[in-house]
1. What's the FRET efficiency of Ala142 with Asp50 using the Cβ-Cβ distance as r and R₀ = 60 Å, to the nearest 0.05?
2. Taking Cα centroids, how far is the range 42-117 from the range 370-401 in Å?
3. Arg186 to Arg293: extension gain in nm, 0.36 nm per residue of separation minus the Cα-Cα distance?
4. Taking 7 Å along the Cα-to-C-beta vector as the label spot, tell me the Glu442-Glu72 distance in nanometres, rounded to one decimal.
5. Can you compute log10 of I(q)/I(0) for the chain with the Debye formula, treating each Cα as one identical point scatterer, at q = 0.11 Å⁻¹?
6. Might you work out the accessible area of His320 for me, using a 1.4 Å probe with all protein chains in place, and round it to the nearest 10 Å²?
7. For the chain, what does the relative contact order come out to in percent, with C-alpha contacts under 8 Å and a separation of six or more?
8. With a 10 Å radius around each residue's Cβ, average the other Cβ atoms per peptide and rank 366-373, 303-310, 409-416, highest first.
Amino acid sequence: MFDPFIAPSGTLLGLLQRGRGDGTLHALAAPRPQALTALNHCVLSDPRHDWQVENRSLYYARLYLDLDGGTEEIERHLWDPEDHLDTEDSRTGLALSVLGHLASYGRDDALALLRRYAATGSNWAWALDELALRDDDAGLRALAEPVLARFPETPDGAAELAAAVRDAFEPRPWRLWADDPREAVRARIRAASEQGSFDRWQRQMRPGGPRPGWSVQAVFDWAQEGLERGSVLHVPAARCLSAVAGAEDRPLIVEAARSGSEGARCAALHYLAEVQDPDVLDLVEQAVAGPSRTVADAAVAAFERMCGEAAVDRARRWAHRPDALGASAAGVLACRGSGQDAPLVLAALREAVRGDGPDAPRLWTLVDGTGRLGIVCAAPVLRHVYRETSSSHLRGRAARALAATDPSFATGFAVECLWDCEETTRELAALHAETGDIRVAERLRRLAADPAEEAEVQTAVRSRIGPDAPAV
């Protein structure tokens, strides 16, 4: 999947793509056709950089309800001929999730689309998972035969059906079909369930990897073999070393970290970092300066896992470096440093935004660190990250940091965060938004009454509007 095009943050489309609360507020104030066009664009062209962790579906479904939007564009998208050419979950997953939320709000048109797509669409398993949470038994039973028809009654078809049953995210339809009064349906599902259980048992009986009695060198060999196959086994190999290595093995491990094969060096560096070996920081610095990018990256990752005072002291020396180790050191100070490290963390935050933009991966720990250290003068940079980042998770972290550093947060960004796409951001807003704003009081009441809202958000809301809370 190509990275999506994200419109400027000051546009309606850009706000909706980011899942910002202001996106909903601007859409409700815009001409309805314009708002629906932008909304449909977001739902049909998933704007998330990481669709597996960022939330948008409930956010977009609520806006469809507020705008009284139809599902015609979603229907055209689902039944486009491309559905049978591009079968990646990312093409239709967001649209199906939005339909699932609309169905939970009582939209029969959304429920009907999910049923049709589960019977005929390429991403049928996702649609079936949505229906498993929202459809009644009769609706699910009607899908048994269309779904089973996807799997020919051949050995290969039986194996594919067993895998589908075994790997189903929501098991309710399969369990319902296993007790179906139709013999043909019931027999196939039960046979597939038994085969899936047998496959799982076979995998458990054939574990791969280290065995009791392995030597330190055997673990190094295993790590190198994995690296040659394209499997990164540095961390599990380090855990294996913790189980098999004794004090007498330290010289061998240190030498492997200094000059062993790439797999052995990576595993040894992680192990030495975990046990806080006195030589590991020098070995990390040496590895970063070496020619192997794999070893250098592993060395940086091993350093980031260290939590002792020696690592923090070394991070203060390394934070000025213009390389990956310098960036990592700033992150260590952000996570584990003290007040004296605030200037270094702030400088790294500014440099990351200036050099790599508001979506830089290293911003996550730096943003968290500015909030943890209470760096008040970082608020302008945090506001920029909040407005511009396309990551709703990073925006939520920026909001949390602003709550700790920006006195205007309660009357500013906290208000729009009540409409944010991420439940953790809405929870933060429910705890901080200034209730003197009439929009806040009304939004808190609506969140409290919304059955689709997350429990943590509703708990935060009740702390503001419950019987023992200040009047809203």
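The values are calculated or read from the model by the stated rules, or taken from the named source; none is laboratory data. Remember, it's a predicted structure, so these values are computed and weren't measured experimentally. Cβ: placed from backbone, ideal geometry, glycine included. Neighbour counts: every protein chain shown. Please note that ligands, DNA and RNA were not included when accessible areas were found on the heavy atoms of the full protein model with its side chains. Shrake-Rupley method; radii C 1.70, N 1.55, O 1.52, S 1.80 Å.
1. Step by step, r from the Cβ atoms, then E = 0.95.
2. 30 Å
3. 33.1 nm
4. Calculated label separation equals 2.9 nm.
5. -1.11
6. Near enough 140 Å² of accessible area.
7. RCO, the chain: 11 percent.
8. Per-residue mean Cβ counts within 10 Å order the peptides as 366-373, 409-416, 303-310.
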